[in-house]
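For reference, the structure is listed below as C-alpha cells.
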Protein chains: 2
Amino acid sequence: MELWLPLDSYEHQHRYKYTALYHALRDAIHAGTLVEGTRLPSTRELASQYDMSRGSVAQVYDMLLADGYVEAHRGRGTFVKGAFRIEAQGEQEAVIQLSPWGERVSRLDTQKRTESVSVQDRHIIDFHVHRMPAGHFPTSEWKSALAAVHRSDWREQSGAAGDPELREAIASHLRWTRGIQADASQIVLFSGSMQGITLLAQLLIPEGAQVILENPGYQGIAHAVNACGGRAVPAAVDSQGIIPEDWNAQTLFVTPTRQFPTGAVLGLDRRKTLLAWASKRNAVIIEDDYDSEFRWGGRPIEPLKVLDREQRVIYVGSFSQTMIASFRLGYAVLPPGLVQPLLAAKALYEPVPPALLEQRALAKFMSRGGYLRHLRRLTRLYGERHAFFVQEMVHQLPEAFTMQPGDAGLHIYATWNGSPDGFLKFKTIAKEEGVLFRDAERYQLIPGPPAVCFGFAHLEKEEIKEGIRRLRLAWEKSTFSFH
Amino acid sequence: MELWLPLDSYEHQHRYKYTALYHALRDAIHAGTLVEGTRLPSTRELASQYDMSRGSVAQVYDMLLADGYVEAHRGRGTFVKGAFRIEAQGEQEAVIQLSPWGERVSRLDTQKRTESVSVQDRHIIDFHVHRMPAGHFPTSEWKSALAAVHRSDWREQSGAAGDPELREAIASHLRWTRGIQADASQIVLFSGSMQGITLLAQLLIPEGAQVILENPGYQGIAHAVNACGGRAVPAAVDSQGIIPEDWNAQTLFVTPTRQFPTGAVLGLDRRKTLLAWASKRNAVIIEDDYDSEFRWGGRPIEPLKVLDREQRVIYVGSFSQTMIASFRLGYAVLPPGLVQPLLAAKALYEPVPPALLEQRALAKFMSRGGYLRHLRRLTRLYGERHAFFVQEMVHQLPEAFTMQPGDAGLHIYATWNGSPDGFLKFKTIAKEEGVLFRDAERYQLIPGPPAVCFGFAHLEKEEIKEGIRRLRLAWEKSTFSFH
C-alpha cells in the first residue's frame, strides 16, 4: 500500500502540485500521522503514485530537509526527524445523542474488570473462577482436529445457526448425557452463552415488561434484561433453588441444574410448578445450564427442558468452561417456533458466523470421543480438588463461613458467619496477605448477607492449602482487631 | 459421562426402583432418545450410577429383551433394537409472544441464501462476489503467525474492545494507508463489520427516527436500521456518489470511498457538504469502507473521517474480504465519546471476545509486514482481472450493459440497457447456460432500472472469458425471442 496523503484538499489551496505535496507532508508530520523515524517512500514511488516528476518530489524532500522535518541517510532513505505533533486547534468534539437503548446500555457495568492487587512481593493465590490450566487440555488431540478441518475445506457453508456438523454433535451429546430430545435444527450456536441470552432477551422482552430473575443470580442476565428496558423482579432462592410463585410475568431466567451462584439443585416438585406457571401465564423459561458438565457425585441432574411438553423452555449451554481459554462457544436449544426469529436476529449481527474453523474442529473432537474423554478426566480432577478444598476449609477455617458444597461445578458458595463490617475487614486483610476471591455481593439484585464464591478447580492442592492458610490468618487478624 | 435417565420422575410413579428403570429405558427407546443400534451401558455401570444391584439391572435388561426392545450380543453387550419412536401425544407447542424488536427483526430477510442452480451437467461460472481462492493466501506465513501466538499465552487479557496489539496495528495501518489519525483506544474490533454496524444502529437510532441511507445501498444496513424501528430515508446516488441534501435526520450511513454497489467515488465538495450538514443537524455519519483496500489504479481515496474535525464520523472497516474464508473481523474508529457506550453494548453480547487467538495472529501478521505484502499481491492480481473483465465485456457484449468500472474493489456494477422484462428473460437463460450473477435489485430501497453486480476477483481469466461468452449467448437468445 502506498503512503496516503490528502493531496486533493491541498491542491485546492496551493497553486503548484509540489507545494501541495510539501504542505501535505509537513502537516502529516505535525499531526503525528508520520511519526518520528518513519521512512518516507522513495522519490520514484511518490512520483508515480501522485503523477509527478521525480525531480518535483526530490525538491519537496529538499525543502523538508532544509526545514528540519526530515533527515536523509545516504543509501537508506529519508526519515521523519522530530516530534512535531501539535494539537488540533479549538475544534470541539460533538456531543452525540444516544437512543433509549444506548442510554440504558451505557449506564450498565457490563465490562469485565480484573481486580488489581497491590502486593507484589509474594505469590498470589486467586480463588476467582478461572479456566482450566493449559496443562490439562489435550492440546495434541485438539490440534489434530483443527488440522483435519483445516485441510478439508476453505469455503463458507454455514448459515447464521453455525456449523451443521457441530449442531448434530451437540444434539447427540445432549440426548446421551442430558436426556434432552432435540433436533439439530433447533440448535443455534453463539460466541459464548451471553450472546444467546442477550439476543433472546431482546427477542422476548418488550420495554417495561416484568422479568423474573433469581436472587442471587448472574449479573450478565440482569444486564441483558435492563438493556431491553425490562423490569427485573428478584425471586428468592433457598437450598432447593428458586422458590416458585405465581409471578405476573411472561419471562423467567433460571439455573435449575446448579443454581448460580449458590449451587442449589432445583427439586422436582418445583420444576413441575415452574412449568405449570409458564403454561398458565403463557410464559417462556430460559434455562441456563452454565457449568453442570462437571459432575463428580450424586445423580445426573434432570434439565428442566426434559420435562417441557409445551416447548416453553429454552435450554442454554456453553463450551466456554470446558475448552481452552481462547475458545468461546455457547448454544441454545430452541422451541421450533423461535428458530426463525432468533436466526434472523443473529444474522443481523453476524451474517456469516465467526470461528467456523473452531466449530468444525469441535465437531470432529466430539465425534472422535475426545471431548467426552477430556470431560471425564477434568471431572475426576475437579472432584478431587473440590473435596480437598472442603476438607481444608473444615480443618483450617471452620468458623468464618457456612459452605454450600455440591456435586458439580467450578466454585463453592459460602456465606459469611460474621457481620458485614467484619467481612470488609477480612476481605481487605486477605488481599494484603495475597489471597483473592470473588465477593458474591455483585450477584445480589437486592442486598443480602455477605457471601463468597471460591473457585477451586484451577488450583493445585498445595495452592488451595496455602490459600486457606492465608484466609485463616486474615480471619484471625480481622477478628482480633475487634478486641 | 453416563447415560442420563429421568429416574427421579419414574420413581414417583413406580413402587420399585427396577420397574422405574424399566419404564425409563423403555420410554427413552420410544422417544428416540436411545436410537437403534445404541449400546446400553453394562449392568455394572448402570448399577453403580443409579445405586442398584447388578442383579436388578440385569433383570430390567431381560424384561426389555423379552419385550423386543433390545437385543443381546454375547461378549459385545446389549443394543437397542427397533425404531419404536412415537410422536408426542396431543401436546401443543406454545405460541410465544415476541417483543416489538423481535417482531421487527423476524420480518427481516437477514439470512444469507445461496442461489441454487438446476444445471448439473456443466461447469458453473459464478460472478457473485466471493472470497479469494485459497491458493492466493500466504497460508504458511499465516500459520507461522498463528503458531507464534499459540505458544505465547493461553490466558485472557483483553476486554470487549478486542486484542490491544491488533488495535495498535490497525491504528498504524490506518495512519499509513488512509491518513486517519486515530488512537488504538478509539478502535473496537468486531466479528465482521455488520456486528459493528448493527450495534451502532442500536446505540444511535431511537424508534421512529429518520435515518439516511444511500439508494442503491447495502441491504444489511437497511436491516439494522429497520430492526431498531428507524425509518430508512433513501438518498439518491449518481456517478459522484451520494447527492447531499439538508435531511431532517441525525444519522447517515454512507460509503464515500467506493459507493456500494455502484463504485462511485464521492467528490471532495460533497464530502465537505456532508460534514457541514452533520454539524448543522448535530448528526452522526457512519462511513463504511467495505472494500477499498484493493485499489489498483488512480489516487488513494480520502476517507471522510480524515476531514472530520468534530468527531462526527465513525469509520467502519473490515478484514473479512482480505483474509481466509473462515476469518471474520471488522472494526470501527469511534469518536472518543462513543467508546464507552459501544464497549458496554458489545460486552453485553460478548464479555470475552471470541477468536482472540486469530486477533493476536493477525496483529503478528501485520507487524511482520505479511498483511501488506499479501494485499499488494492480491491488488495486482485483482487489477489484472478487472481489466480483463472490462475488456472482454467491451469485446464480446458491448450492447447489453453500461458498466461503471472503477479503480478498486471486487465487483463491477453494470446497468441493463434493455427493458425489465428483457432482463428477467436474460437472467433465466443465463442461469440455464450455467452462469450466475448477483441481480442488484436487492440493493434498491426504492425500485430502479435493472442492474447487476459482477464479481470478477475470484475467477481465472479463462473463466471470465467463458462466463462472458455465455452471457453473450443468453443475451442473443433473450433478444431473439422478441422477434
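Numbers below:
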quantity	calculated
Index of the failed condition, A:GLY37 passing every other in (1) in a helix (DSSP H, G or I); (2) more than 8 Å from chain B (Cβ to nearest Cβ); (3) surrounded by fewer than 16 Cβ atoms within 10 Å (Cβ to Cβ)	(1)
Single unsatisfied condition, B:ARG380 versus (1) free of Cβ contacts under 8 Å to residues at least 12 places away in the same chain; (2) within 14 Å of chain A (Cβ to nearest Cβ); (3) surrounded by fewer than 22 Cβ atoms within 10 Å (Cβ to Cβ)	(1)
Condition met for B:LEU204 (more than 17 Å from the chain's Cα centre (by Cα), in contact (Cβ under 8 Å) with a residue 24 or more places away in the chain and open to solvent by less than 20 Å² (accessible area, probe 1.4 Å))	yes
Whichever residue in region B:63-80 is charged (D, E, K, R) and more than 21 Å from B:THR33 (Cβ to Cβ) and, among such residues, is most open to solvent (accessible area, probe 1.4 Å)	B:ARG74
Within region A:291-300, considering residues that are in contact with a Phe, Trp or Tyr (Cβ under 9 Å, 6 or more places away or on another chain) and crowded, with 20+ Cβ neighbours inside 10 Å, the one nearest to B:LEU3 (Cα to Cα)	A:PRO300
Complete set of residues in region A:216-256 that are more than 26 Å from A:ASP109 (Cα to Cα), buried (at least 22 other Cβ atoms within 10 Å of the Cβ) and touching a residue at least 60 places away in the same chain (Cβ under 8 Å)	none
Failed item in (1) farther than 18 Å from A:PRO351 by Cβ; (2) modelled with pLDDT of 60 or more; (3) under 25 Å from the mean Cα position of the chain (by Cα), with B:ARG131 passing the rest	(1)
Residue tally, condition closer than 24 Å to A:TYR10 by Cβ and either open to solvent by less than 20 Å² (accessible area, probe 1.4 Å) or not hydrophobic (A, V, I, L, M, F, W, C) (or both), over region B:272-290	9
Region A:325-341: number of residues that are closer than 16 Å to B:LEU356 by Cα, open to solvent by less than 10 Å² (accessible area, probe 1.4 Å) and aliphatic (A, V, I, L, M)	1
Restricting region A:1-33 to residues that are crowded, with 19+ Cβ neighbours inside 10 Å and within 8 Å of chain B (Cβ to nearest Cβ), the residue that is modelled with the lowest pLDDT	A:SER9
Number of the condition not met by A:ALA332 [criteria: (1) at pLDDT 90 or above; (2) out of contact with any Pro (no Cβ under 9 Å at 6 or more places or on another chain); (3) more than 29 Å from A:ARG270 (Cα to Cα)]	(3)
In region A:197-214, the residues that are out of contact with any helix residue (DSSP H, G or I) (no Cβ under 8 Å at 6 or more places or on another chain) and either away from every other protein chain (no Cβ under 12 Å) or within 23 Å of B:VAL352 (Cβ to Cβ) (or both)	A:GLN210, A:ILE212, A:GLU214
Checklist (1) touching a residue at least 60 places away in the same chain (Cβ under 8 Å); (2) closer than 30 Å to B:HIS150 by Cβ; (3) within 10 Å of chain B (Cβ to nearest Cβ); (4) not in a helix (DSSP H, G or I) applied to A:GLN359, failing item	(4)
Hits in region A:342-363 (condition: farther than 22 Å from B:SER158 by Cα and surrounded by fewer than 23 Cβ atoms within 10 Å (Cβ to Cβ))	A:LEU343, A:ALA344, A:PRO351, A:VAL352, A:ALA363
Per-region count, region A:257-271, residues assigned to a loop (DSSP other than H, G, I, E, B) and either under 21 Å from the mean Cα position of the chain (by Cα) or buried (at least 19 other Cβ atoms within 10 Å of the Cβ) (or both)	10
Test: residue in region A:178-188 that is more than 13 Å from chain B (Cβ to nearest Cβ), of a type in the set (A, V, I, L, M) and touching a Leu at 6+ places or on another chain (Cβ under 8 Å)	yes
Any chance A:VAL352 is within 11 Å of another protein chain (Cβ to nearest Cβ) and in contact with a Lys or Arg (Cβ under 9 Å, 6 or more places away or on another chain)	yes
Test: residue in region A:312-322 that is part of a helix (DSSP H, G or I), of a type in the set (Lys, Arg) and within 10 Å of chain B (Cβ to nearest Cβ)	no
Residue in region B:383-412 that is least open to solvent (accessible area, probe 1.4 Å), counting only those that are of a type in the set (Gly, Ala, Ser) and more than 26 Å from the chain's Cα centre (by Cα)	B:ALA400
Among residues of region B:40-62, those that are open to solvent by 40 Å² or more (accessible area, probe 1.4 Å), over 20 Å from A:ARG175 (Cβ atoms) and within 13 Å of another protein chain (Cβ to nearest Cβ), counted	2
Residue within region A:242-254 that is hydroxyl-bearing (Ser, Thr, Tyr) and away from chain B (no Cβ under 11 Å) present	no
Residue in region A:417-435 that is within 14 Å of another protein chain (Cβ to nearest Cβ), at pLDDT below 95, on the phi > 0 side of the Ramachandran plot and not in a strand (DSSP E or B) present	no
Conditions (1) open to solvent by less than 40 Å² (accessible area, probe 1.4 Å); (2) over 29 Å from the mean Cα position of the chain (by Cα); (3) not β-branched (Val, Ile, Thr): number failed by B:ASN417	(1)
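The values are calculated or read from the model by the stated rules, or taken from the named source; none is laboratory data. Here the structure is a predicted model, which means the values were calculated and not measured. Glycine gets a Cβ as well: all are built from the backbone with ideal geometry, and neighbour counts include every protein chain shown. Just the protein is used for accessible areas: all its heavy atoms, side chains included, with ligands, DNA and RNA removed. Shrake-Rupley method; radii C 1.70, N 1.55, O 1.52, S 1.80 Å.
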